[in-house]
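The values are calculated or read from the model by the stated rules, or taken from the named source; none is laboratory data. A quick note: this is a predicted structure, and the numbers were derived from the prediction, not measured. Methodologically, a virtual Cβ is constructed for each residue, glycine included, from the backbone with ideal geometry; neighbour enumeration extends over all protein chains shown.
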């Protein structure tokens, strides 16, 4: 005779049940044949001689039934029925198999079966999607990599490398005419021009020497402004300034002419470079003139 | 009453210690008198019987003291040697032998047989016909799609935005759970040339997949030390829309060359020199450092650079032929830690 009540009396509350999990509000049952998962009088597979569950194995669902007639044969106690893949047909099969069973078991089995099919669908959907692969990090390796990276950064000297590369590109002329100081080319051209001018100057000197011997006159411009005793200082200043300007401009013109001659290759746009060619100081003589001017006669208004 | 002194086993070491200590105490008295004698006494004091070693002293404090003294002596000897050498060098003057080149890791690098010779014709031929040839023959213009892994967090999002400002013609799209293999044909149909996926872990970008699109190679990098724009010290204003120049440093092997070309093909052909912006990929010991600067030439010998833009370092993890296919793709190169990280002087890029 199966004594379910006695069993439940013992394992339900009084004594120990190894499948029971107690939490603050509820008791759960860890028995794999339990339909609902809770520890109840009706849900306990040990305390019910007639019991039914649905379990899934490798994606297929099976209906397990236990009847009192087989209580003496533990090996054959659970009857396993394969349920169809189709949801509705499987529900019908559950109904057929549990036809004269209490409503409770039919209901709970169908509920459990529904839940199982839902999670099986979800599994299938998820496996189709990308799955995040978790790769374990080795702490030692990570630390080593970090240290190597720091050392490599120091060894790289990035700023220097970048600056060097940019200057290289500037030298090679990849930037074209954007920047105003193609001084390397300029200097080289200047050197060339200096060499040429030196050789020319030598020739010219020889020639000039010959000319002077012949007695030619040369007109040399004077750099210094003559000081005169004019009373009108403003005019003097104006004169001075104008003379200076003229003098400077003439000098500049001559120099720019020289530059243009000297650097046919380099195009000088706008400002002249800082290191201009050295201005040659021409020999000059200071001469002072004194002019005596009579004051203008004052006309009296009559 | 006679007191018999109990012999202690540590007597010998104690006396030696005391000898050393007395020597130390006598030094300040002796120094002003005679320096030479001090050195002699010191050297005399440190000549212990050859069986003596520091590890036999049981007392930690005394042992430590002796060790420090030993170290000091060694340092002094080294300094003397250096001074002597310097004196010799000065004495010789111009005839002195040239200074030795110090050994660096770059000097001692194990020679990689795949290092590219600049005049190598085979390499030139290969590069003329590989997947980037279309770009390098100026047939295509780069168009980059930047995206992330699922559900990116703050830093990654901002990093992607900043990358998009740095790389011209780049678009950021959110992932929203799409599979990469489905994104790729769509990108190809919309004429994208690059797909860049920033992988994120715990709110920080840690990986990058760079996929050249019309069936080009896919490179997977580990991203580290990401600095966003606002974390940069002394940075300039935001980058403008001008196309930056590209600098690729130290890509020497075949693998390095292909990666370098990959980076070069990210940027358009015609850099706007007016913009004065430069993006640098510098390879050092297999770490690729990315920097974005604005430069200005102060004169022909000096240039000032100002860092704008994000900075990060990359380390190549794998290079796969064809577009992204982690399961069935054919890997050209995979970083295998046990094989490749065994020597500290061997680098692959």
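Given the condition over 31 Å from the mean Cα position of the chain (by Cα) and modelled with pLDDT of 90 or more, answer yes or no: does some residue in segment B:153-173 qualify? Scanning segment B:153-173 turns up at least one residue that is over 31 Å from the mean Cα position of the chain (by Cα) and modelled with pLDDT of 90 or more. Here residue B:158 fits the description: in a helix (DSSP H, G or I) and touching a helix residue (DSSP H, G or I) at 6+ places or on another chain (Cβ under 9 Å). For residue B:274, the criteria (1) out of contact with any helix residue (DSSP H, G or I) (no Cβ under 7 Å at 6 or more places or on another chain); (2) over 18 Å from residue B:304 (Cβ atoms); (3) touching a residue at least 24 places away in the same chain (Cβ under 8 Å) hold in every case but one, which is (2).
For segment B:118-153, a residue qualifies if it is part of a helix (DSSP H, G or I) and farther than 22 Å from residue B:187 by Cα, and the qualifying residues are B:121, B:122, B:123, B:124, B:125, B:126, B:127, B:128, B:129.
In segment A:1-91, counting only strands (runs of 3 or more DSSP E) that sit wholly within it, the ones holding 3 or more residues that are without any contact (Cβ under 8 Å) to a residue 40 or more places away in the chain span A:20-22, A:27-29, A:60-66, A:78-82.
Every listed requirement among (1) at the interface with another protein chain (Cβ under 7 Å from one of its Cβ atoms); (2) under 30 Å from residue B:277 (Cβ atoms) is met by residue A:130 save one, (2). Evaluation of residue B:149 against the conditions (1) crowded, with 16+ Cβ neighbours inside 10 Å; (2) at pLDDT 85 or above; (3) more than 23 Å from residue B:287 (Cβ to Cβ); (4) over 26 Å from the mean Cα position of the chain (by Cα) shows that the sole unmet condition is (3). Selection over segment B:299-314 of residues that are assigned to a strand (DSSP E or B), in contact with a helix residue (DSSP H, G or I) (Cβ under 7 Å, 6 or more places away or on another chain) and within 11 Å of another protein chain (Cβ to nearest Cβ) gives a count of 3. Across segment B:315-328, the qualifying residues are those that are within 19 Å of residue B:193 (Cβ to Cβ) and out of contact with any helix residue (DSSP H, G or I) (no Cβ under 6 Å at 6 or more places or on another chain), and the one among them that is farthest from the other protein chains (Cβ to nearest Cβ) is B:321.
In the set (1) surrounded by 19 or more Cβ atoms within 10 Å (Cβ to Cβ); (2) within 22 Å of residue B:142 (Cα to Cα); (3) touching a strand residue (DSSP E or B) at 6+ places or on another chain (Cβ under 7 Å), residue B:205 fails one condition alone, (2). Scanning segment B:219-231 for residues that are part of a strand (DSSP E or B), under 28 Å from residue B:348 (Cβ atoms), over 19 Å from the mean Cα position of the chain (by Cα) and more than 14 Å from chain A (Cβ to nearest Cβ) turns up at least one hit.
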